[in-house]
Structures are given as structure tokens and as C-alpha cells.
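Have a look at the structure below, then the notes.
The values are calculated or read from the model by the stated rules, or taken from the named source; none is laboratory data. Source: prediction; values computed, not measured. Note: ideal-geometry Cβ built from the backbone for every residue, glycine included; neighbour counts use all protein chains shown. Remember, those area values only see protein heavy atoms, side chains included, never the ligands or the DNA or RNA. Shrake-Rupley method; radii C 1.70, N 1.55, O 1.52, S 1.80 Å.
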Amino acid sequence: MNESSGIRSVQRVDARHRYEILVDGRRAGLAAYRDRGAQRVFFHTEVDEAFAGQGLGAELVQAALADVRESGKRIVPVCPYVAKFLKRHEEFADITDPATPDVLSWLEDELR
């Protein structure tokens, strides 16, 4: 990590159902989720344009998925970014469930 990229941290913000990545205390991106029993369903990830190209998305998702493992939950990747990340990081395969039509229907109701 180079000096110009600032101090980074990832935090889970339960009240807003998301993980946020901060750079020098400023929110630079988020990964939104909803919990469905033992599953944490990720449905949206974004990084602010001002912080694009710094690898923050991958850093955010890596930290979020590590937190899911620590919490004893399972990952459901509805978000295309999270799904793509999981294809490249097989260390999370053991705690990943597919985004079934059942999950998608549940998520739609949750977000209504």
C-alpha cells in the first residue's frame, strides 16, 4: 500500500446492513447485505469514483467475507462483484451458498 492511498479500515455497520471501507476516516465504499438466518446475503458493492483503481473493492470484500467466517455465518453472493471475487478466492468456498431463486425472492421482499 503506498502512502498516498491513506489509512484504510473496514467496519461492519449493522444498523445500515453494510460493511464500509474508510480511507483517512472518509467512507470510500460499501458492501450491502441482509441476514437470512445463518446466511449473509451480499447484494450490492460500490466504491466511490474518487477512490477507483486503488483495489478498495477487493480489500472491502476480503475483510467482509473474513468477518462473515468469524461470525459463523455463510456467504450468499447475489452481488456480481462478490460472486466474481469468490471465484478468484477459493478459501471462502466452504462457507459459500448459491444465490438460489428462493434467496432472490426473499431478498426482493426484504428490500421492498
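When each of R12, R26 is tested for being of a type outside the set (S, T, N, Q), free of Cβ contacts under 8 Å to residues at least 12 places away in the same chain and either touching a Ser or Thr at 6+ places or on another chain (Cβ under 8 Å) or over 17 Å from L107 (Cβ atoms) (or both), the lone residue that passes is R26.
Taken over segment 36-49, the residue count meeting the criterion of being open to solvent by 50 Å² or more (accessible area, probe 1.4 Å) and touching a helix residue (DSSP H, G or I) at 6+ places or on another chain (Cβ under 9 Å) is 6.
Pairs, please: C-beta under 6 Å, at least 6 apart or cross-chain, first residue open to solvent by 60 Å² or more (accessible area, probe 1.4 Å) and in segment 69-87, second among the small types (G, A, S)? So the pair list comes out as R74/A38.
Yes/no matrix, rows are residues, columns are (1) part of a helix (DSSP H, G or I); (2) closer than 19 Å to R12 by Cα; (3) without any contact (Cβ under 8 Å) to a residue 60 or more places away in the chain:
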site: A64; (1), (2), (3): yes, yes, yes
site: D67; (1), (2), (3): yes, yes, yes
site: A93; (1), (2), (3): yes, no, yes
site: P98; (1), (2), (3): no, no, yes
site: W106; (1), (2), (3): yes, no, no
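The one condition from (1) within 14 Å of the chain's Cα centre (by Cα); (2) closer than 24 Å to I7 by Cα; (3) open to solvent by 20 Å² or more (accessible area, probe 1.4 Å) that G29 does not meet is (3).
You will find that of A64, A52, the residue that is modelled with pLDDT of 95 or more and open to solvent by less than 70 Å² (accessible area, probe 1.4 Å) is A64 and no other. Screening G37 on (1) farther than 14 Å from L107 by Cβ; (2) more than 11 Å from the chain's Cα centre (by Cα) shows it passes everything except condition (1).
All but one of (1) open to solvent by 30 Å² or more (accessible area, probe 1.4 Å); (2) assigned to a helix (DSSP H, G or I) hold for Q11; state the number of the condition that does not hold. (2) is the only condition that Q11 fails.
Against the list (1) in contact with a His (Cβ under 8 Å, 6 or more places away or on another chain); (2) within 29 Å of I7 (Cβ to Cβ), the condition R34 fails is (2).
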